[in-house]
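What follows is a set of notes on a single structure, which appears directly below.
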Amino acid sequence: MRDATQRQAAESRGRSAEDRVASRLEAEGWTVLARRFRNKGGEIDLVVERDGLLAFVEVKARAALSDAALSVSPRQQARLLAGAEAWLAMHPGHGWAGMRFDVVLVDGQGRMRRIADAIRAG
């Protein structure tokens, strides 16, 4: 039972972090196009666009920023890339000015650090 409770708590923290990140990105002029986009190949926490630049955003919340940074595994990167491929196939008109993969780290105090263009295909 404890594992289920821990998973629920982690899920809640993750959603809260994603909401805070989405709000900050919107305040910076980004438009949130999708939240928690999922398909059979992957998952993307946030899809945002500003001035034609499309960003697929992975949000990582941990007690410390360093722990959050270490939690972006190669498997997760592959899922993000697969999710982006699927999203682009469904929405071909976006990203005319380019695209990138960002990671936003959130610590236990709510501090955020965005790493723009953190993940590259290939």
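The values are calculated or read from the model by the stated rules, or taken from the named source; none is laboratory data. The shown structure was predicted, so the numbers you read here are calculated from the model rather than taken from an experiment. Neighbour counts run over all protein chains shown; Cβ positions are idealised from the backbone, glycine included.
Only one of (1) part of a helix (DSSP H, G or I); (2) under 20 Å from residue 118 (Cβ atoms); (3) more than 12 Å from the chain's Cα centre (by Cα) fails for residue 8. Which number is that?
Tallying (1) part of a helix (DSSP H, G or I); (2) under 20 Å from residue 118 (Cβ atoms); (3) more than 12 Å from the chain's Cα centre (by Cα), residue 8 fails exactly one: (2).
Quick one: what pairs do we get from region 106-120, first residue farther than 11 Å from residue 66 by Cα and in contact (Cβ under 8 Å) with a residue 24 or more places away in the chain, second part of a loop (DSSP other than H, G, I, E, B) and not basic (Lys, Arg), C-beta under 7 Å, 6+ apart or different chains?
108/63
In region 1-30, what residues are of a type in the set (Ser, Thr, Tyr) and surrounded by fewer than 12 Cβ atoms within 10 Å (Cβ to Cβ)?
Restricting attention to region 1-30, the residues satisfying the condition of being of a type in the set (Ser, Thr, Tyr) are 5, 12, 16, 23.
Within region 1-30, 5, 12, 23 qualify.
Restricting to region 18-54, name every residue that is under 20 Å from residue 88 (Cα atoms) and either of a type in the set (Val, Ile, Thr) or in contact (Cβ under 8 Å) with a residue 60 or more places away in the chain (or both).
31, 32, 33, 44, 47, 48
All but one of (1) over 22 Å from residue 12 (Cβ atoms); (2) charged (D, E, K, R); (3) in a helix (DSSP H, G or I); (4) in contact with a strand residue (DSSP E or B) (Cβ under 9 Å, 6 or more places away or on another chain) hold for residue 85; which doesn't?
(4)
Name every residue in region 70-86 that is more than 10 Å from residue 42 (Cα to Cα) and touching a residue at least 40 places away in the same chain (Cβ under 8 Å), in order of residue number.
Hit for region 70-86 is 72, nothing else.
Residues that are surrounded by 13 or more Cβ atoms within 10 Å (Cβ to Cβ), closer than 20 Å to residue 21 by Cβ and touching a Ser or Thr at 6+ places or on another chain (Cβ under 7 Å): does region 53-75 have at least one? Spell out how you get there, then give the answer.
If we filter region 53-75 for residues that are surrounded by 13 or more Cβ atoms within 10 Å (Cβ to Cβ), which is where we start, we get 53-62, 64-65, 67-69, 71-72.
Add one more test, that the residue is closer than 20 Å to residue 21 by Cβ, and what stays is 53-62, 64-65, 67-69, 71-72.
Next, only the ones that are touching a Ser or Thr at 6+ places or on another chain (Cβ under 7 Å) stay: 60, 62.
Scanning region 53-75 turns up at least one residue that is surrounded by 13 or more Cβ atoms within 10 Å (Cβ to Cβ), closer than 20 Å to residue 21 by Cβ and touching a Ser or Thr at 6+ places or on another chain (Cβ under 7 Å).
So, in region 86-112, exactly how many residues are on the phi < 0 side of the Ramachandran plot and surrounded by 14 or more Cβ atoms within 10 Å (Cβ to Cβ)? If you could, list the steps in order and put the result at the bottom.
Residues of region 86-112 that are on the phi < 0 side of the Ramachandran plot, as a first pass: 86-94, 96-97, 99-109, 111-112.
After this cut, where a residue has to be surrounded by 14 or more Cβ atoms within 10 Å (Cβ to Cβ) as well, the list is 86-88, 91, 94, 99-107, 112.
Residues meeting the conditions: 15.
Restricting attention to region 48-72, which residues are assigned to a loop (DSSP other than H, G, I, E, B) and within 13 Å of the chain's Cα centre (by Cα)? Walk me through how you get there before you give the answer.
Kept after step one, since they are assigned to a loop (DSSP other than H, G, I, E, B), are these residues of region 48-72: 51-52, 62-64, 71-72.
Passing the criteria: 71, 72.
What is the residue count in region 52-100 for residues that are among the β-branched types (Val, Ile, Thr) and either modelled with pLDDT under 85 or in contact with a His (Cβ under 6 Å, 6 or more places away or on another chain) (or both)? Walk me through it before giving the result.
Initial filter on region 52-100 (among the β-branched types (Val, Ile, Thr)): 57, 59, 72.
Applying the additional criterion that residues be either modelled with pLDDT under 85 or in contact with a His (Cβ under 6 Å, 6 or more places away or on another chain) (or both) yields 72.
Adding up the residues that qualify gives 1.
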